[in-house]
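Enquirer: Just dropping this structure here.
The values are calculated or read from the model by the stated rules, or taken from the named source; none is laboratory data. Note that the structure is predicted; figures quoted are calculated from it, not measured. Note: ideal-geometry Cβ built from the backbone for every residue, glycine included; neighbour counts use all protein chains shown.
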């Protein structure tokens with residue numbers, strides 16, 4: 001039984017709540033709070049605050065359900081992907097629905113030498129699985145086709161993700177019902193960059209999350225700035 | 001001071017039997033075995049196994065006689081090509097232990113005196129040699145002698161004579177038949193009443209030369225180390241190519257991978273002794289009955305040799321190939337560059353990302369194909385549809401600073417109707433291409449569609465007139 005008369009300021013006779021005494025000890029674990037799961041910052045402070053893990057969970061599956069193909073998921077992920085490439089790890093795009101614009105990626109800070117695009121839709125999930133199993137990638141983003149979305153395929157990816165620290169993102173085709181899975185996180189991505197937490201360790205989110213379009217400088221604003229300078 | 005040389009002999013006592021036996025079906029394991037060859041217009045046995053010998057079958061017997069004695073005898077024609085291939089493999093392994101390797105008829109001899117500092121004491125060296133020979137799947141016997149000429153003899157008897165005195169003592173007790181003499185010389189010696197090597201050595205030299213010619217005397221001097229043995233040293237071939245006859249024609253991927261794995265043994269030795277790194281492997285499969293041959297290549301992103309990685313690539317390459325006929329032969333050729341670099345593991349994690357990443361790319365491209373795996377790179381062009389290209393993964397590229405671009409580009413701009421769009425930002429005028437005949441003038445706008453998605457659209461004036469959607473923000 002540890003003695004309470006630790007060399008801190010307990011010598012005063014002021015009554016101290018037991019709760020505070022225990023809270024001061026960092027060698028006691030009282031089972032109140034879960035140890036935070038390892039996560040990687042999303043790069044959006046507003047979103048980090050809303051997610052139970054404080055970021056994209058590492059080595060876990062995050063499901064994104066966009067309204068339409070290319071409907072905001074890439075802008076959402078770009079800060080995290082840029083961070084991965086800065087650490088020297090590659091990011092994998094498995095069967096993206098459109099062409100990721102290199103100028104936009106570069107502007108967001110992504111090292112283009114560390115971007116790997118798998119363009120064969122038939123093998124995209126297999127490739128994503130291999131990349132995850134290798135434990136070499138910083139992040140893997142997969143856009144499965146409608147006929148590839150099933151519980152077994154998603155489960156396989158999820159198991160592969162647990163081999164490493166890379167967050168795995170699966171973006172479902174718009175209008176495709178997401179299969180039952182044990183994903184750590186499922187987000188809906190609405191038009192205009194609005195997000196909604198559909199499922200997380202703390203249950204669904206309270207309401208839509210709006211990310212400030214901080215990385216968008218409208219041309220009109222640029223022109224005004226130029227005119228002001230002139 | 002130069003170390004006294006020491007030679008190790010490796011012989012394959014069952015070479016003819018085992019080389020011919022590759023074509024045997026494995027379920028006949030219990031039957032006595034032999035190999036035969038045409039000698040003087042008659043098929044005679046050249047090798048018999050223990051089971052056959054117990055039944056009274058002897059080397060040199062006519063095949064018909066042998067079959068009369070032992071009707072279950074499984075005799076196969078001698079396969080000299082396989083024997084040569086096997087001896088080459090053996091020499092390749094031996095070359096890993098010494099640079100002085102010479103082929104004898106039924107094995108190799110190699111100088112190990114100079115390698116002892118590297119490989120440790122003789123026991124250790126012989127043990128590691130034995131271990132290296134095991135994957136060849138041949139029965140081998142080792143022997144040691146201080147001279148090259150005697151090493152093969154010692155190996156055949158399984159004797160280790162490390163010094164000249166040991167060798168003299170061992171040889172002295174041997175019957176003369178064990179020496180490599182021609183039948184004529186043997187007959188003459190028997191006629192002289194000489195039985196053991198001791199008797200031969202005791203004979204005055206001029207007597208020996210007068211009765212038998214100089215050959216026997218010279219051979220004896222070489223054996224005892226009084227005369228140098230002329231040797232033609234074996235050199236590993238410049239390029240690696242192997243033609244393998246499969247014991248049983250197969251078409252299953254696993255069986256083919258198994259056969260390829262055997263070839264990789266030889267390749268691994270070859271790469272090591274030639275100090276080369278593998279860059280690509282070309283495999284040709286020959287079906288039975290002269291069917292169309294199947295060829296495929298497996299390239300490595302980073303030169304090197306890692307067996308499990310290579311096998312996996314080969315398996316991935318084989319899987320999509322539809323093999324309609326059984327394969328009876330396969331040929332493997334290797335492309336390589338010089339400068340072997342052993343794989344190094346990261347001190348902390350035990351894996352090497354610099355080696356592992358190219359390995360992962362190799363595995364992916366083996367299944368997906370080179371085209372399916374790429375990076376995306378900017379190109380210096382003002383026309384946005386020409387300002388990007390698929391590139392090789394890992395290509396370093398820096399994009400020029402441009403005004404705001406959408407995250408997604410359509411592979412080609414698509415015509416759209418403007419009445420459904422709400423223009424919110426723009427225009428960005430792009431007027432370019434007059435120098436290559438693809439003159440264009442357009443205004444790019446950021447627009448909202450009716451569902452609130454941000455699109456990147458442009459109004460083109462030249463060469464065609466109209467509105468097009470080119471990208472999606474998000």
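Enquirer: With more than 11 Å from chain B (Cβ to nearest Cβ) and modelled with pLDDT of 80 or more as the only criterion, which of A:47, A:78, A:105 stands out?
Expert: A:47
Enquirer: Kindly indicate whether residue A:178 is over 17 Å from the mean Cα position of the chain (by Cα), more than 21 Å from residue A:78 (Cα to Cα) and not in a helix (DSSP H, G or I).
Expert: The answer is yes for residue A:178.
Enquirer: Still on this model: What are the residues in the range B:147-179 that are surrounded by fewer than 17 Cβ atoms within 10 Å (Cβ to Cβ), within 20 Å of residue B:100 (Cβ to Cβ) and touching a residue at least 40 places away in the same chain (Cβ under 8 Å), if any?
Expert: Selection gives B:162, B:164.
Enquirer: How about the range B:424-451: which of its residues are within 11 Å of chain A (Cβ to nearest Cβ), in contact with a strand residue (DSSP E or B) (Cβ under 8 Å, 6 or more places away or on another chain) and under 22 Å from residue A:69 (Cα atoms)?
Expert: B:424, B:444, B:445, B:446, B:448, B:449
Enquirer: Return the only residue of B:198, B:186 being without any contact (Cβ under 8 Å) to a residue 24 or more places away in the chain and either farther than 30 Å from residue B:291 by Cβ or part of a helix (DSSP H, G or I) (or both).
Expert: B:186
Enquirer: Filtering the range B:363-407 down to residues that are facing another protein chain (nearest Cβ under 7 Å) and touching a residue at least 60 places away in the same chain (Cβ under 8 Å), which residue is nearest to the chain's Cα centre (by Cα)?
Expert: B:407
Enquirer: Tell me yes or no: at least one residue of the range A:139-149 is within 12 Å of chain B (Cβ to nearest Cβ), under 28 Å from residue A:46 (Cβ atoms) and without any contact (Cβ under 8 Å) to a residue 40 or more places away in the chain.
Expert: Within the range A:139-149, not a single residue is within 12 Å of chain B (Cβ to nearest Cβ), under 28 Å from residue A:46 (Cβ atoms) and without any contact (Cβ under 8 Å) to a residue 40 or more places away in the chain.
Enquirer: Given the conditions (1) under 27 Å from residue A:194 (Cβ atoms); (2) within 8 Å of chain B (Cβ to nearest Cβ); (3) crowded, with 24+ Cβ neighbours inside 10 Å, which single one is not true for residue A:91?
Expert: Of everything listed in (1) under 27 Å from residue A:194 (Cβ atoms); (2) within 8 Å of chain B (Cβ to nearest Cβ); (3) crowded, with 24+ Cβ neighbours inside 10 Å, residue A:91 misses just condition (2).
Enquirer: Hey, another quick one. So, residue B:346, is that one part of a loop (DSSP other than H, G, I, E, B), within 13 Å of chain A (Cβ to nearest Cβ), within 23 Å of residue A:113 (Cβ to Cβ) and modelled with pLDDT under 85 or not?
Expert: yes
Enquirer: Test of understanding: among B:461, B:444, which residue is buried (at least 19 other Cβ atoms within 10 Å of the Cβ), in contact (Cβ under 8 Å) with a residue 12 or more places away in the chain and assigned to a strand (DSSP E or B)?
Expert: B:444
Enquirer: Okay, next question. Can you tell me which residue among A:73, A:129, A:63 is within 11 Å of chain B (Cβ to nearest Cβ) and closer than 26 Å to residue A:203 by Cβ?
Expert: Of A:73, A:129, A:63, the one residue that is within 11 Å of chain B (Cβ to nearest Cβ) and closer than 26 Å to residue A:203 by Cβ is A:73.
Enquirer: Here are some residues: B:411, B:403. Which one is under 27 Å from residue A:116 (Cα atoms) and outside any loop (DSSP other than H, G, I, E, B)? First the steps, then the outcome.
Expert: On the way: B:403 fails: outside any loop (DSSP other than H, G, I, E, B).
Just one listed residue meets the conditions, B:411.
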